[in-house]
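The values are calculated or read from the model by the stated rules, or taken from the named source; none is laboratory data. Just so it is clear, the model here is predicted, and its values are computed rather than measured. Here Cβ is always computed from backbone atoms with ideal geometry, including for glycine, and neighbour counts include all displayed protein chains. We work out accessible area using only protein heavy atoms, side chains counted, and drop any ligands, DNA or RNA first. Shrake-Rupley method; radii C 1.70, N 1.55, O 1.52, S 1.80 Å.
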Amino acid sequence: MSSATPSLRLPHLALALLIAYPLLLLPALWMQLSWLSALAALDLITLLLLGGLRRGYRPAWTAWFLAMTGTAWLLQRNQVEIMLMLVPVLLNAGMAWFFGGTLLPGRRPLVARAILAFEGEQRLAQPGVARYARGLTWAWTVLLTLQALLMLVCATGAQPNGVFARLGLPAPLPLPEPWANGYLHLGGFLVIGLFSVAEFAWRNWHLRHLPHDSPRQYFTKIVQNWRHVLHDGAGDD
């Protein structure tokens, strides 16, 4: 019984870190408090690495300690906002790499893994589902890659306090800081949310020959089974 307790705590810890991020970020941006910016950046980095940290993976702990050291170094020089501006870029790039990596030969696309975890093998075997899963994995890979590039432009080009400006370098594409920060910390995540909603509606129409869960049933399955998506069962085919 005690061995099951940590696995039950992980989703709650992840949810707490996710909720804490905007609570730290908004006052950090509003009041220009460097220490709050540092906490917001480290909160999100910890969330991204949480699974590997919990399992004791050396690369995850190495990345976390490097992030801690880099944030402390930037904070000491009053430049921690550089880390905060680059975290959304790294988040989208990391997710794009994760989605895209599952499209390699011999691997099962990430969306197909999700279908297996949420609805079972019989769902994936129904007409058109496996093909749709691969196409949607491609769509997420492209969207997240484009987002990472656009966010990098926003982070480096924001004026007067973007990454390039803080480093004393000319920005190739100067952008007003409120617009750049708005997309970095809010707009990009709204795009992901809107894409998810639009995809859910499109899926119900495109695969209308199949029965579908209600939105409440579908998201309940996600909450209950999301951990299983990380396991690639392609070798079992």
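Annotations for the structure displayed:
- Listed by first and then second residue, the pairs with beta-carbon distance under 7 Å, at least 6 apart or on different chains, first residue in region 35-52 and over 11 Å from Ala14 (Cβ atoms), second acidic (Asp, Glu) and open to solvent by less than 30 Å² (accessible area, probe 1.4 Å), are Ser37/Glu81.
- Of the residues Ala96, Ala133, Ala112, the single one that is aliphatic (A, V, I, L, M), buried (at least 18 other Cβ atoms within 10 Å of the Cβ), touching a residue at least 40 places away in the same chain (Cβ under 8 Å) and in contact with a helix residue (DSSP H, G or I) (Cβ under 7 Å, 6 or more places away or on another chain) is Ala96.
- Considered as a group, the residues in region 77-91 that are at pLDDT below 80 and of a type outside the set (A, V, I, L, M) include one that is farthest from Leu150 (Cα to Cα), and that residue is Arg77.
- Residue within region 77-89 that is open to solvent by 20 Å² or more (accessible area, probe 1.4 Å) and polar (S, T, N, Q) present: yes
- Residue in region 189-211 that is modelled with pLDDT under 80 and either over 19 Å from the mean Cα position of the chain (by Cα) or open to solvent by 50 Å² or more (accessible area, probe 1.4 Å) (or both) present: yes
- Residues (of a type in the set (Gly, Ala, Ser) and farther than 18 Å from Leu186 by Cα) located in region 39-83: Gly51, Gly52, Gly56, Ala60, Ala63, Ala67, Gly70, Ala72
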